[in-house]
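Student: I am attaching a structure below and will ask some questions about it afterwards.
Just so you know, all these numbers are worked out from the coordinates, no wet-lab data involved. These figures come from a predicted structure and were not determined experimentally. So basically every Cβ, Gly included, is an ideal-geometry build from the backbone, and we count neighbours across all protein chains shown.
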Amino acid sequence: MLLLSIESSCDDSSLALTEIESRKLILHKKISQEAQHARYGGVVPELASRLHAVDLPRLLESAQPHFDEISAVAVTNEPGLAVTLNEGVMMAKAFAAFQGVPLIPVHHLKGHIYSLFIEKPTRLPMLVVLISGGHTMVLRVQGLEDMEILATSMDDSVGESYDKVAKMMGLGYPGGPIVEALAREGDPTGFKLPVPLRNSPLIAFSLSGLKNAVRLTIEKLGGPEAMSEEDRRDLAAAFQRTTIDHLKQKIRKILAREPIPDVALVGGASANLAIRSAFEALCADYGKRLHTAPLEFCADNAAMIGRYGIDALEAGLSCDPQEIRVSANRKLQAGMKL
């Protein structure tokens with residue numbers, strides 16, 4: 001028996017089929033909207049919604065040979081863009097109602113955590129560092145319904161900051177991979193940037209000040225058009241190193257006090273190889289084991305939604321298709337349960 005999973009929280013339409021008993025991924029397809037949004041320098045919600053309305057049915061058609069084997073449906077219903085979440089939820093509700101199968105609503109961030117377990121057994125507890133386009137946080141994950149936020153961002157997320165820095169330098173969208181590639185060739189000491197909250201006792205994340213420091217540096221250089229290729233490489237390297245230093249400084253305090261030996265790095269920005277390398281060294285300092293998702297499953301995808309959905313189904317967490325509701329972004333703070 002198979003579980004159908006659907007992801008449409010932002011600008012990627014994705015669908016997967018996972019075998020419930022074995023956790024084997026039978027089908028995984030994804031249609032990216034990056035090219036359509038690049039001309040605007042970021043995601044346009046209404047455009048994303050229209051594209052989902054076209055792409056999701058196309059993806060569902062690819063699963064048609066397996067329709068009779070589908071015994072449950074999982075779909076992202078929060079957080080994200082309300083207009084894009086609705087596209088996935090409406091299709092999931094219609095399919096579940098027509099087939100008479102249970103529907104599992106999935107929190108998008110829980111899906112990122114379960115990207116660690118695609119085609120693998122669940123392994124908990126873990127300390128999870130989640131860095132993506134919308135979130136930067138650390139969680140203590142004890143179980144399926146026991147996930148506590150230990151620290152979160154006060155403003156811009158890691159992924160968002162990379163994209164904004166790329167935009168300020170005139171590098172295009174999405175900016176994360178572009179900045180990472182430039183940083184590999186640059187000198188991180190070429191520009192001096194302030195490490196956020198360096199002298200603060202707060203265990204929290206903040207990148208708005210660093211982003212502003214990058215903006216002022218670009219202005220001093222005469223704007224993005226006046227920057228040399230060396231300037232771009234060095235500024236990207238300095239920004240990336242400072243971001244990593246900030247993350248390490250705050251997360252180090254959590255690792256020192258938490259006894260859980262397993263640490264995970266998940267989310268779209270966790271595909272950054274420099275960040276991965278820094279966290280491997282950081283975990284080694286504290287005798288922790290670092291776990292990461294395969295690069296293909298770091299960004300938003302339906303396979304991770306399906307993997308969480310299987311554990312939720314077995315725990316009896318499904319709902320009537322008419323009961324599921326979409327919830328857009330809400331403020332997440334330390335001490336809250338996910």
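Student: Give me the percent of DSSP beta bridges within region 126-292 that run antiparallel, rounded to the nearest 5.
Tutor: Looking only at bridges with both residues in region 126-292, the antiparallel portion is about 55 percent.
Student: For Arg252 and Arg325 in the same chain, what is the full-extension length gain: residue separation times 0.36 nm, less their Cα-Cα distance, in nm?
Tutor: 22.5 nm
Student: OK, next. If amide hydrogens are placed 1.01 Å from N in the peptide plane, which non-local residues have theirs closer than 5 Å to the one on Leu150?
Tutor: When sequence neighbours closer than 5 places are left aside, the close amide H contacts are Val138, Leu139, Arg140, Gly335.
Student: Let me ask something else about it. Once you put a point 7 Å from the Cα of Glu34 and another 7 Å from the Cα of Glu225, both along the Cβ direction, what distance in nm separates them?
Tutor: Taking the two extended label points, one gets 2.8 nm.
Student: Using only Cα atoms, locate the centre of region 235-310 and the centre of region 118-147, then give the distance between them in Å, rounded to an integer.
Tutor: After rounding, the separation between the Cα centres reads 11 Å.
Student: Provide the per-residue ³J(HN,Hα) series for region 168-177, in order, calculated from phi with Karplus coefficients 6.51, -1.76, 1.60 and θ = phi - 60°, each as a whole number of Hz, with x at glycine and proline positions.
Tutor: With the stated coefficients, region 168-177 comes to 5, 8, x, 9, x, 10, x, x, x, x Hz.
Student: Hey, another quick one. Quick one: net charge around Ala315, please, counting Lys, Arg +1 and Asp, Glu -1 for every other residue with C-beta under 13 Å from its C-beta.
Tutor: -3
Student: Only four residue types carry charge here, +1 at the Cβ of Lys and Arg and -1 at the Cβ of Asp and Glu. Report the dipole size of the chain about the Cα centre in Debye, rounded to the nearest 20.
Tutor: 1000
Student: Another question, if that's okay. For the chain, list log₁₀ I(q)/I(0) at each q in 0.08, 0.11, 0.16 Å⁻¹, using the Debye formula over Cα point scatterers of equal strength and ignoring solvent, two decimals each.
Tutor: Cα-only, vacuum Debye calculation for the chain: -0.38, -0.71, -1.35.
Student: Return the inverse of the average 1/r over all pairs of distinct C-alpha atoms in region 113-223, which is the Kirkwood hydrodynamic radius, in Å to one decimal.
Tutor: Every distinct Cα pair counted, the radius reaches 16.1 Å.
Student: Still on this structure: For a paramagnetic label modelled at 7 Å from the Cα of Gln333 toward its Cβ, which residues of region 125-166 fall within the zone defined by backbone nitrogen distances under 19 Å?
Tutor: 135-140, 147-157
Student: If Lys and Arg each add +1 and Asp and Glu each add -1, what is the summed charge of the other residues whose beta carbon sits under 15 Å from the beta carbon of Gly88?
Tutor: Working: positive: Lys29, Lys30, Arg50, Arg58, Lys93, Arg325; negative: Glu7, Asp11, Asp12, Asp55, Glu78, Glu87, Asp300.
Here the charged neighbours net out to -1.
Student: Hey, another quick one. In region 126-292, if the dipole is taken from +1 on Lys/Arg beta carbons and -1 on Asp/Glu beta carbons about the Cα centre, which of Val138, Ile275, Ser200 is farthest to the positive end?
Tutor: Ser200
Student: Convert each backbone phi in region 253-262 into a coupling constant with the Karplus relation 6.51 cos²θ - 1.76 cosθ + 1.60 (shift: θ = phi - 60°), then list the ³J(HN,Hα) values in order as whole Hz, x for Gly and Pro.
Tutor: 5, 6, 4, 5, 9, 9, x, 4, x, 9
Student: Going through the cross-link list Lys29/Lys192; Lys30/Lys192; Lys167/Lys337; Lys288/Lys337, which pairs have a Cα-Cα distance over 31 Å in this structure?
Tutor: Lys29/Lys192; Lys30/Lys192; Lys167/Lys337
Student: With angles folded into 0 to 90 degrees, how steeply does helix 45-62 sit against the dominant principal axis of the chain? Use alpha carbons for both and round to 10.
Tutor: Tilt of helix 45-62: around 50 degrees.
Student: Now, a different point. Can you work out ³J(HN,Hα) from phi for every residue in region 112-117, in order, using Karplus 6.51 cos²θ - 1.76 cosθ + 1.60 and θ = phi - 60°, giving whole Hz and x for Gly and Pro?
Tutor: Result, ordered by residue: 4, 4, 7, 5, 5, 10 Hz.
Student: Also: Evaluate 2.2 N^0.38 Å with N set to the residue count of region 126-292, then give the Cα radius of gyration divided by it.
Tutor: Values: Rg = 16.0 Å, N = 167, 2.2 N^0.38 = 15.4 Å.
Against the compact-globule rule of thumb, the ratio is 1.04.
Student: Name the residues of region 66-102 whose amide N is less than 12 Å from a point 7 angstrom out from the Cα of Met1 along the C-beta direction?
Tutor: 69-73, 101-102
Student: With runs of 4+ DSSP H residues as the only contributors, calculate the mean residue ellipticity of the chain at 222 nm using -39,500 (n - 2.57) per run, divided by the residue total and rounded to the nearest 500.
Tutor: -13000 deg cm²/dmol
Student: How far apart, in nm, are the 7 Å Cα→Cβ label points at Leu290 and Asn212?
Tutor: It is 3.1 nm.
Student: So, with +1 on the Cβ of K and R and -1 on the Cβ of D and E, and no other charges, what is the size of the charge dipole of region 126-292 about its Cα centre, to the nearest 20 debye?
Tutor: It works out to roughly 400 debye.
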